[in-house]
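Colleague: The structure is given below, and queries will be raised subsequently.
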Amino acid sequence: MKLVLWLLSMALSHHGAGGFLVHLASECPLAANGSVLWFGFAFVFNKNPLVCYNDHDQLFEACDMGLLHDVAVDMATHLNWDADWRQRMAGGRQACQSQIQRLWSRTGQRKTPPSVRIVSMALSNPAGTMHLTCYVWGFYPADVRVTWLRNGSPVEPTENGLSPALANGDWTYQTHVSLLTTPKPGDTYTCHVQHASLPEPHQEEWGPSLSPGLTVKVSVAVVVLIVGLIVLGSGLVSWWRAPAPGYSPLAGHNYAGGST
């Protein structure tokens, strides 16, 4: 390690080096199935790789082809002679294989179920047309299937169908699918979502509601009906309690005809 520091000091004192920042960087690139592709390690000078470790050949190599190339070659040569650094690289490769799988199981192999919501917007042209959008978000992995159903039957979406899944930046994704339709009373529209995290497809339903003007008319009709029922009920009670026409109870008799 002292030798490496001495070589770095040579690099830093090199004419034209100016201000400097040195750090060590390691990486474990993964394949789509989570397997480790290679182990990477580098001495980085001023954000530029100076000496890199070739995992295939298990050797350090100069990766700076500019002003510090000769210094990088000397560093790589001495690092390849150093048994401690060779052992450290072997440990790094082993750590990649053993630790990355636990990380991959908590990240790449995890399954997060989606949230689903339907948003509707009425269009004036043509009259009665609705623009329905099914938003699906917060899911992982990215593969998802979203379809529209009308009264249980598949309906082709509009606007080029399902939009590509977009990354949210927190290891989850979002997408949406839209539909232009003219719903009829009693119709039911269903956003059908299939995802690896769901034991069975999620179904979000939407149905056409009454227009504001029609809602007011229905509300008034309901109120009038209730008032009419109350008046009718009061009239029936009064009629039932009233004495029969042309009959006047005698003294000491009640309405039912019994004597006191």
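Colleague: hydroxyl-bearing (Ser, Thr, Tyr), touching a Lys or Arg at 6+ places or on another chain (Cβ under 7 Å) and either surrounded by fewer than 16 Cβ atoms within 10 Å (Cβ to Cβ) or part of a strand (DSSP E or B) (or both) - does that describe any residue in the stretch 104-123?
Modeller: Within the stretch 104-123, not a single residue is hydroxyl-bearing (Ser, Thr, Tyr), touching a Lys or Arg at 6+ places or on another chain (Cβ under 7 Å) and either surrounded by fewer than 16 Cβ atoms within 10 Å (Cβ to Cβ) or part of a strand (DSSP E or B) (or both).
Colleague: Hey, any hits in the stretch 162-175 for a residue that's over 30 Å from ALA32 (Cα atoms), not assigned by TED's automatic domain parsing to the domain that holds ALA32 and not aliphatic (A, V, I, L, M)?
Modeller: Step one: of the stretch 162-175, the residues over 30 Å from ALA32 (Cα atoms) are none.
Within the stretch 162-175, none of the residues are over 30 Å from ALA32 (Cα atoms), not assigned by TED's automatic domain parsing to the domain that holds ALA32 and not aliphatic (A, V, I, L, M).
Colleague: Take the residues in the stretch 50-89 that are touching a helix residue (DSSP H, G or I) at 6+ places or on another chain (Cβ under 9 Å) and assigned to a strand (DSSP E or B), then tell me which one is nearest to ILE100 (Cα to Cα).
Modeller: Once the filter is applied, the top-ranked residue is TYR53.
Colleague: Of all the residues that make up the stretch 1-49, how many are part of a loop (DSSP other than H, G, I, E, B) and either at pLDDT below 85 or in contact with a strand residue (DSSP E or B) (Cβ under 8 Å, 6 or more places away or on another chain) (or both)?
Modeller: Selection size over the stretch 1-49: 21.
Colleague: Okay, moving on. Any residue at all in the stretch 75-86 that is among the β-branched types (Val, Ile, Thr), assigned by TED's automatic domain parsing to the domain that holds GLY40 and farther than 30 Å from ALA196 by Cα?
Modeller: yes
Colleague: To continue, here is another question. Does MET130 count as at pLDDT 85 or above and not assigned by TED's automatic domain parsing to the domain that holds HIS195?
Modeller: Answer is no for this residue.
Here's the yes/no breakdown for (1) of a type in the set (S, T, N, Q); (2) on the phi > 0 side of the Ramachandran plot; (3) at pLDDT below 90; (4) surrounded by 10 or more Cβ atoms within 10 Å (Cβ to Cβ):
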{"residue": "VAL144", "(1), (2), (3), (4)": "no, no, no, yes"}
{"residue": "GLU156", "(1), (2), (3), (4)": "no, no, yes, no"}
{"residue": "ALA165", "(1), (2), (3), (4)": "no, no, no, yes"}
{"residue": "THR172", "(1), (2), (3), (4)": "yes, no, no, yes"}
{"residue": "HIS195", "(1), (2), (3), (4)": "no, no, no, yes"}
{"residue": "PRO201", "(1), (2), (3), (4)": "no, no, no, yes"}
{"residue": "PRO245", "(1), (2), (3), (4)": "no, no, yes, no"}
{"residue": "LEU250", "(1), (2), (3), (4)": "no, no, yes, no"}
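Colleague: Something else: Answer with yes or no whether ARG110 is in contact with a strand residue (DSSP E or B) (Cβ under 7 Å, 6 or more places away or on another chain) and modelled with pLDDT under 90.
Modeller: yes
Colleague: Check the stretch 149-170 and report whether any residue there is in a strand (DSSP E or B), of a type in the set (Ser, Thr, Tyr) and within 29 Å of PRO199 (Cβ to Cβ).
Modeller: Yes, because at least one residue in the stretch 149-170 is in a strand (DSSP E or B), of a type in the set (Ser, Thr, Tyr) and within 29 Å of PRO199 (Cβ to Cβ).
The values are calculated or read from the model by the stated rules, or taken from the named source; none is laboratory data. These figures come from a predicted structure and were not determined experimentally. With ideal geometry, Cβ positions are generated from the backbone for all residues, glycine too; neighbour counts draw on all protein chains shown.
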